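A quick write-up on the structure given underneath.
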Amino acid sequence: MALNYIWVGFFLIAFIIGLIRLVFFGDTEIFMHLVKAMFDSSKSSVMDIALPLAGNMALWLGIMNIGEKAGAIKFISRIVGPFFSRLFPGVPKDHPATGNIMMSFSANLLGLDNAATPLGLKAIDSLQELNPDKETASNAQIMYLVLLTSGLQILPVTIIAQRAILHATDPTDIFIPCIIATYVSAVAGMLLVAIKQKIKIWDPVIISWVGGITACITLMVWYFTKYLTKDEIGLVSKVVSNLLLFLVPVIFITGAMIRKINVFEVFIEGAKRGFETSVKIIPYLVAMLVGIAVFRACGALDYMNNGVRWVCVQFNFDTRFVDAMPVAYMKPLSGSGSKGMMINVMQTFGPNSFAGRLGCIFNGSSDTTFYIVALYFGSVGIKKSRYAIPAGLFADLAGIIAAIFVAYLFFG
């Protein structure tokens, strides 16, 4: 129901703002822009997202099917089972869903966008197998999606690359702030859902795993900043992420060959499901992206920004962060939209400006909550998302606040 009200709100708000602009400001082209936004976004959601995604889905679901037959997914499940059995108490310790979730999180951590979505859809599908009410999101699915929408990432390769393209003096200077902001978002989302689901967050296993992950991230950041130059950080990020991305299918294929499995046939079997899933999610993609497009085209984001700036002025707050806020507004709605906003902020104010850097941190601090909920739940036929969206937005808000604080801390 939450997604229903939000989607309806996009259109009603766009219509009211459009009517005001037409009647009171004489903007005779506003509805032309809104109609154009509808048609352009409906086309791009299929041609630019769904069809390219079909190829990635076929590839990665084929590879994941090989991993399942080779026993790799169950092996991963046994390793992370103690932690996930407490964080996802509804998922049996050795169930393939645990391995699928871990693979999905790994792709997100490394910023591997092409692999992350197919692996994520595979994970939500495996959780759906355990869901007693197929139209209502289970506790495990909500926890998974909220952690996913936090956008936890340790190698923001695409953001660094975009800053380099725009000739930033130091493209990697947002590396540590991005990690801090996205980690705060992930922990905040996890704690909220854990409290809601009455999960014992002070369990020694949860504390040790979260503490271990925190220590690993801290150690990696320390090593990168102390022993690598700025150019080397970008190079290592690019090489490691792509090496690991290619290493996964190699390991799965090798394991399948050892077990004397017909690798090619198993791949084709999984790839067929990838294409079917891609076709199934098209209506959900079109619905969500069209709603976001009209909301953006009516100028609502600009009015929101002007309102935030006015409030800051009244309280004599520093308003430099407001210039980057459009990225924060757009991030829960659209990944491509927030990336476009990030680039626009850097082009307008400069990649080395406070706003330019903060826009990048915003983009790396969380993920696209509405898009992910619509896409992932839609792919398995879930109609009742329960509190997944409010919890995801809470994680986004925590990431936004953390991003602002670390931006002032690092860049003044």
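The values are calculated or read from the model by the stated rules, or taken from the named source; none is laboratory data. Note that the coordinates shown come from a computational prediction; the quantities given were computed from them, not determined experimentally. All Cβ positions, glycine included, derive from the backbone under ideal geometry; neighbour counts span all protein chains shown. Heavy atoms of the whole protein, side chains included, go into the accessibility calculation; ligands, DNA and RNA do not. Shrake-Rupley method; radii C 1.70, N 1.55, O 1.52, S 1.80 Å.
Which lysines have a Cα lying under 21 Å from the Cα of residue 200, excluding residues fewer than 8 positions away in the same chain?
Answer for residue 200, where 21 Å is the Cα cut-off: 93, listed by chain and number.
Taking only C-alpha pairs under 8 Å that are 6+ residues apart, what is the relative contact order of segment 1-133 in percent?
Relative contact order for segment 1-133 comes out at 18 percent.
Remind me, relative contact order of segment 119-193 in percent, using alpha carbon pairs under 8 angstrom and six or more residues apart?
36
Among all the lysines, which ones have a C-alpha under 24 Å from residue 384's C-alpha, if same-chain residues fewer than 8 places away are not counted?
Filter leaves 122, 134, 196, 198, 280, 331.
If you average the sequence gap of Cα pairs under 8 Å that are 6 or more apart and divide by the length of segment 127-260, what percent do you get for the contact order?
Once divided by the residue count of segment 127-260, the mean separation gives 26 percent.
Under the Karplus relation 6.51 cos²θ - 1.76 cosθ + 1.60, θ = phi - 60°, what is the ordered set of whole-Hz ³J(HN,Hα) values for segment 371-385, x standing for Gly and Pro?
Going residue by residue, I get 4, 5, 4, 5, 5, 6, 5, x, 5, 10, x, 7, 9, 10, 7 Hz, with x marking Gly and Pro.
Quick one: grab the alpha carbon gyration tensor of segment 184-271, order the square roots of its eigenvalues as a ≥ b ≥ c, and give me rounded if a/c is under 1.5, else prolate or oblate depending on whether a/b is larger than b/c.
oblate
Using a ≥ b ≥ c from the Cα gyration tensor of segment 5-87 (square roots of the eigenvalues), is it rounded, prolate or oblate, where a/c under 1.5 gives rounded and otherwise the larger of a/b and b/c decides, a/b for prolate? Each step should come with its number before you reach the end.
Values: a/c = 7.38, a/b = 2.47, b/c = 2.99.
Verdict is oblate for segment 5-87.
Order of 317-323, 137-143 by packing, highest average Cβ count within 10 Å first?
137-143, 317-323
Quick one: longest stretch of the chain between exposed loop GluC sites (Glu not before Pro), exposed meaning at most 13 other C-beta atoms within 10 Å and loop per DSSP?
136-412
Using r as the Cβ-Cβ distance of residue 205 and residue 235, and R0 as 25 Å, what FRET efficiency do you calculate, to the nearest 0.05?
Using R0 = 25 Å, I get an efficiency of 0.10.
Using the alpha-carbon atoms, what tilt in degrees (0 to 90, nearest 10) does helix 113-128 show relative to the longest principal axis of the chain?
70
Relative to 2.2 N^0.38 Å, what does the C-alpha radius of gyration of the chain come to as a ratio? Two decimals please.
Values: Rg = 21.6 Å, N = 412, 2.2 N^0.38 = 21.7 Å.
For the chain, the normalised Cα radius of gyration comes out at 0.99.
Along each of its three principal axes, how wide is the spread of alpha-carbon positions in segment 208-365, in whole angstrom units, largest first?
Taking the Cα atoms of segment 208-365, the three principal extents are 70, 48, 34 Å.
Leaving out ligands and nucleic acids, and using a 1.4 Å probe, what accessible area per residue does the chain come to in Å²?
On the way: 19140 Å² over 412 residues.
Value returned for the chain: 46 Å² of accessible area per residue.
Hand me the trypsin sites (Lys or Arg not before Pro) from segment 72-145 located in a DSSP loop with no more than 15 other Cβ atoms within 10 Å, in residue order please.
93, 134
Please determine, in degrees from 0 to 90 and to the nearest 10, the orientation of helix 282-297 with respect to the longest principal axis defined by the Cα atoms of the chain, where the helix direction is its Cα long axis.
Result, in degrees: 20.
Of all accessible surface on the chain at a 1.4 Å probe, what whole percent is carbon and sulfur?
Result for the chain: 68 percent of the exposed heavy-atom area is carbon or sulfur.
Explain nothing, just compute: Karplus ³J(HN,Hα) = 6.51 cos²θ - 1.76 cosθ + 1.60, θ = phi - 60°, for every residue of segment 70-82 in order, whole Hz, x for Gly and Pro.
Result, rounded to whole Hz: 7, x, 5, 5, 5, 5, 5, 4, 5, 5, 8, x, x.
Using θ = phi - 60° and the Karplus relation 6.51 cos²θ - 1.76 cosθ + 1.60, list the HN-Hα couplings for segment 323-336 in order, rounded to whole Hz, with x at every Gly or Pro.
4, 9, 4, x, 5, 5, 5, 7, 4, x, 8, 8, x, 5
From the square roots a ≥ b ≥ c of the eigenvalues of the alpha-carbon gyration tensor of segment 58-155, which class results: rounded (a/c under 1.5), prolate (a/b over b/c), or oblate?
On the way: a/c = 1.33, a/b = 1.14, b/c = 1.17.
Verdict is rounded for segment 58-155.
Based on DSSP H runs of at least 4 residues, each adding -39500 (n - 2.57), what is the mean residue ellipticity at 222 nm of the chain after dividing by all its residues, to the nearest 500 deg cm²/dmol? Write down the numbers at each step before the final one.
On the way: 19 runs with 317 residues, N = 412.
Taking each H run of at least 4 residues, the total per residue is -25500 deg cm²/dmol.
In a Gaussian network model over the chain where Cα atoms closer than 10 Å are linked, find which of 389, 13, 66 has the largest mean-square fluctuation.
In this elastic network of the chain, the residue with the biggest mean-square fluctuation among 389, 13, 66 is 13.
In a GNM of the chain with a 10 Å cut-off on Cα contacts, which of 398, 256, 123 has the highest mean-square fluctuation?
Highest fluctuation among the options: 256.
What distance in nm lies between label points placed 7 Å from Cα along the C-beta direction at residue 387 and residue 409?
With each label point 7 Å from Cα toward Cβ, the separation is 2.8 nm.
Mind checking which of 333, 61, 22 has the largest fluctuation in a GNM of the chain, springs on alpha carbons under 10 Å?
22
Can you pull out the trypsin sites (Lys or Arg not before Pro) in segment 166-218 whose DSSP state is coil and whose Cβ has at most 12 other Cβ atoms within 10 Å?
198, 200
Between 0 and 90 degrees, rounded to the nearest ten: what's the tilt of helix 204-227 against the longest Cα principal axis of the chain?
70
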